[in-house]
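Here is the structure we will look at, set down as structure tokens.
The values are calculated or read from the model by the stated rules, or taken from the named source; none is laboratory data. Keep in mind that what you see is a predicted model, and the values were worked out from it rather than measured. Here the Cβ is made from the backbone with ideal geometry for all residues, glycine too, and neighbour counts use every protein chain on show. All accessible areas refer to the heavy atoms of the entire protein, side chains included, with ligands and DNA or RNA removed. Shrake-Rupley method; radii C 1.70, N 1.55, O 1.52, S 1.80 Å.
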Amino acid sequence: MKRLRSRSPARKTINQSINPFTNKQYSNKYRKLREEREKLPIFDALPQFDKMFNKNQVVILQGETGSGKTTQIPQYILEKGYAKGKLVACTQPRRVAAMSVAKRVAEEMDVELGQQVGYSIRFEECAGPNTLLKYLTDGMLLREAMTDPTLDKYGVIILDEAHERTLSTDILFGLLKEVLQKRKDLKVVVMSATLDTEKFLGYFKNAPLLTVPGRLYPVELFYTEFPEEDYLWATVRTVMQIHAFEEPGDILVFLTGEEEIESTCDSIRKEAARYKDNVGKLSVIPLYSSLPPAMQQKIFEPAPEVNSNGIPGRKCILSTNIAETSLTIDGIVFVIDSGLSKQKCYNPRMRVESLLVSPISRASAKQRAGRAGRTRPGKCYRLYTEKSYKRELVESTAPEILRSNLANVVLQLKILGIENLVDFDFIDPPSPETMMRALETLHYLRALDDEGELTEEGRLMSEFPLDPELSKLLIISPKYSCGEEMLNLVAMLTSPNPFLRPRDHEDAADKAKSKFVNKDGDHITLINAYQGFENEGRQPYWCSKNFLNPRTMRGAAEIRDQLVVKMNKLDIPIISNKHNISENIRKCIISGFFMQVVHKEKANFYMTLKEKQHVALHPSTGVMRPDWAVYHEYVLTSKKYIRIVSSINPEWLIEIAPQYFDLSHFPDTNGKKLLQEIIDGKNTQK
DNA sequence: ATATGCCTC
């Protein structure tokens with residue numbers, strides 16, 4: 001208390017035991033938390049931040065994990081009155097973070113969550129008229145900007161975790177730069193981990209930088225002497241070496257995906273079984289996002305107890321990137337880094353997004369290593385050479401905006417009133433080809449007119465939290481009397497694959513799925529599965545019995561409910577008529593996905609029409625080699641596959657999307673010839 | 001004749 005008084009004499013007159021936000025006495029818990037807060041590295045930097053923020057519209061704050069910036073800066077800004085009666089917003093890339101940080105800050109400020117401090121994420125708004133500080137996902141703030149492009153209700157906007165460069169954060173950057181010109185009362189803080197701050201400094205030209213130390217213990221780095229030929233075997237070897245010879249402490253291994261993680265878990269368990277009681281017990285735990293929550297919880301269970309020789313046990317967690325940013329596990333002392341991860345990339349010429357196993361960046365490597373130093377000094381074993389770390393890894397991973405299909409982004413920018421996309425100030429401008437593709441797609445979908453202006457339909461599309469192709473299906477569904485079916489379908493298509501196929505129950509799983517399968521197409525199979533779930537009162541038990549992932553199905557239901565609310569708000573009637581329903585469903589799908597059509601050029605040989613890509617039907621499909629098909633997704637694994645496929649009649653293409661099937665722009669294929677015949681036939685009929 | 005990193009509206 002003494003310390004506080006001497007720092008701000010003005011406070012002497014205020015009764016320090018009263019919370020100015022609630023006019024109530026501070027609780028004991030508040031005092032306890034206050035002591036903890038004063039120990040955070042950010043605490044001593046607050047006066048300096050104050051000075052900077054007073055003088056500048058934008059401040060960039062660089063602080064490592066554990067500095068306390070996410071909890072302390074927003075409430076400090078609020079206490080100091082920087083928002084001038086308006087709200088303070090703090091964005092987060094993930095929902096869980098927005099929620100949990102808001103909860104923590106409400107406790108620290110001794111207020112009720114949802115009152116002065118709240119949060120806003122998809123499916124849940126926990127904020128109200130009294131809210132002064134709101135944590136929200138970056139996507140949510142972007143949504144708000146679509147109805148209020150100057151974000152007028154906010155006096156201060158804090159972009160946290162800016163170094164992650166999510167799509168939404170990158171768009172907000174460009175938008176805020178324009179709004180800062182128009183609104184001199186608005187202030188912005190960009191908060192980031194070390195990397196990329198120079199990029200932000202270059203972007204906000206006059207913004208000062210404040211650096212705050214983190215709270216990490218040193219992590220000793222080890223590299224391999226020569227490049228590893230088999231990093232999975234190297235992983236097993238390194239785990240066993242640590243387990244046999246190193247001091248106690250848990251191990252975290254970074255690999256690329258589910259399959260690899262499960263099989264490496266098996267190998268390690270097998271190796272560990274060969275050891276006797278002269279080493280401790282080893283518990284090997286897989287971690288990836290599609291793992292059921294109960295299994296994910298295992299990472300927080302304590303390590304195995306001491307064995308009969310009194311040697312303590314150890315946990316070894318094999319994880320995807322989920323443990324790099326989304327999940328923190330305490331007690332990790334050893335990290336093993338394969339140097340690889342699966343990354344999304346977009347090929348505008350082929351119009352496809354795909355996942356590729358690629359080398360990580362140096363920034364990621366540092367982040368992974370840091371996971372070993374959270375509770376005490378740690379060690380990180382990199383399964384690559386120091387030379388390759390220095391010369392072959394890139395400094396930081398390309399931002400998402402350079403690796404994505406931008407149809408949705410361009411639609412959002414149009415709604416935000418960005419007239420000239422070429423002049424929009426992206427931190428990293430996407431390639432002209434990607435922008436062109438996005439504009440072209442939106443034009444074909446009739447979201448933009450021939451002048452590139454938004455159409456009424458485009459406005460409707462932007463209202464849905466979906467890709468424009470999927471919004472199109474909902475908007476056009478009354479025409480084909482399949483509203484309920486499209487809601488089911490869209491909810492399922494935006495969720496992960498719900499069909500479970502456990503290794504030891506493959507036949508049973510296939511049999512369960514066969515009850516939903518429709519020969520006309522996998523889209524209808526998805527609709528049937530969802531309808532079954534709905535008919536059974538959304539029971540998780542029914543899901544498990546039918547080899548459907550209960551969590552995925554519940555998520556789909558949540559999305560569907562939100563879409564129904566939107567449909568009602570936009571006055572789009574939900575009409576369903578069982579007559580001719582299969583044909584109507586597939587025609588409706590073509591209205592949005594006419595760009596994703598294949599023709600069977602020869603037996604067993606499918607080709608996409610415009611890109612002339614040779615593709616194969618994914619083995620999970622239930623359709624019987626139709627001549628023509630519409631597909632939902634292109635996946636590049638051992639082969640080029642198309643997944644979720646429905647058979648179609650080529651005449652529907654000409655009828656529904658004549659704007660796209662101007663065949664003069666198509667390469668020569670048998671498919672093109674057949675379509676031309678259909679068009680010629682139509683013309684002679686007239 | 002088989003798999004899909006992490007997220008967000």
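Computed values, structure above
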read-out: Cross-link partners of A:Lys600 among aspartates and glutamates (Cα-Cα below 15 Å; sequence separation of 8 or more within a chain); value: A:Glu611, A:Asp627, A:Asp668
read-out: Under 26 Å from A:Lys177, Cα to Cα: lysines that are on another chain or at least 8 residues apart; value: A:Lys51, A:Lys55, A:Lys69, A:Lys80, A:Lys84, A:Lys86, A:Lys134, A:Lys153, A:Lys187, A:Lys199, A:Lys205, A:Lys414
read-out: Charge sum, other residues only, whose C-beta stays under 11 Å from A:Ile299's C-beta, Lys/Arg counted +1 and Asp/Glu -1; value: -1
read-out: Length gained when the stretch A:Gln613-A:Ser431 is fully extended (0.36 nm per residue, less Cα-Cα span); value: 63.3 nm
read-out: The stretch A:219-401: C-alpha pair distances exceeding 30 Å, %; value: 18
read-out: Candidates per GluC sites (Glu not before Pro) in the stretch A:516-594, loop by DSSP, up to 15 other Cβ within 10 Å; value: A:Glu536
read-out: Share antiparallel - DSSP beta bridges, the stretch A:219-401, percent rounded to 5; value: 25
read-out: Restricting the stretch A:146-180 to trypsin sites (Lys or Arg not before Pro) in coil, as DSSP defines it, with at most 15 other Cβ within 10 Å; value: A:Lys153
read-out: For the stretch A:565-629, convex hull volume per residue from C-alpha positions, Å³; value: 134
read-out: Evaluated at q = 0.19 Å⁻¹: base-10 log I(q)/I(0), Debye formula over Cα of the stretch A:614-685; value: -0.87
read-out: Angle in degrees between helix A:483-493 and the longest Cα principal axis of chain A, rounded to the nearest 10; value: 50
read-out: Spatially near lysine pairs across the stretch A:219-401, Cα under 16 Å, sequence gap of 8 or more or different chains; value: 9
read-out: Listed residue (A:Ser396, A:Gln412, A:His443) projecting farthest to the positive dipole end of the stretch A:343-465, Cβ model; value: A:Ser396
read-out: Vicinal HN-Hα couplings computed from phi for the stretch A:446-454 (Karplus, 6.51 cos²θ - 1.76 cosθ + 1.60; Hz; Gly/Pro x); value: 6, 7, 10, 8, 5, 8, x, 8, 4
read-out: Bridge type composition, chain A - antiparallel percent by DSSP, nearest 5; value: 40
read-out: Unit charges at the beta carbon, dipole of chain A: most positive-side option, A:Ile648, A:Ser576, A:Thr211; value: A:Thr211
read-out: Share of carbon and sulfur in the accessible heavy-atom surface of chain A [1.4 Å probe, %]; value: 51
read-out: ³J(HN,Hα) computed for each position of the stretch A:196-202 - Karplus, 6.51 cos²θ - 1.76 cosθ + 1.60, integer Hz, glycine/proline x; value: 6, 5, 5, 4, 5, 5, x
read-out: Cα pair distances exceeding 15 angstrom across the stretch A:168-238, given as percent; value: 71
read-out: Positive minus negative residues near A:Lys390 (Lys, Arg vs Asp, Glu; Cβ under 12 Å); value: +1
read-out: Per residue, in Å², the accessible surface of chain A once ligands and nucleic acids are set aside, probe 1.4 Å; value: 47
read-out: Solvent-free Debye scattering, log10 I(q)/I(0), computed from the Cα coordinates of the stretch A:489-629 at q = 0.16, 0.18 Å⁻¹; value: -1.00, -1.19
read-out: When the convex hull of its Cα atoms is projected in every direction, mean area for chain A (nm²); value: 35.1
read-out: When the stretch A:439-491 is reduced to its Cα atoms, the Kirkwood hydrodynamic radius in Å; value: 11.3
read-out: Tilt relative to chain A, helix A:550-569 - C-alpha long axis, 0 to 90 degrees, to 10; value: 80
read-out: Between 0 and 90°, nearest 10: helix A:581-593 axis offset from chain A longest Cα axis; value: 60
read-out: Mean Cα-pair separation over length for the stretch A:5-154, i.e. relative contact order, pairs under 8 Å, 6 or more apart, %; value: 20
read-out: Kirkwood hydrodynamic radius of the stretch A:407-594, from inverse mean 1/r over distinct Cα pairs, in Å; value: 18.0
read-out: Given charges at beta-carbon only (K, R positive; D, E negative), |dipole| of chain A in Debye; value: 2080
read-out: Cut-off 19 Å, label 7 Å out along Cα→Cβ of A:Asp152, residues of the stretch A:73-96 by amide N; value: A:83-89
read-out: Rg to Rh quotient for the stretch A:3-212, alpha carbon positions, Kirkwood Rh; value: 0.94
read-out: Relative contact order of chain A, defined on C-alpha pairs under 8 angstrom at six or more residues apart (%); value: 9
read-out: Pairwise Cα inverse-distance average, inverted: Kirkwood Rh of the stretch A:70-135 (Å); value: 11.5
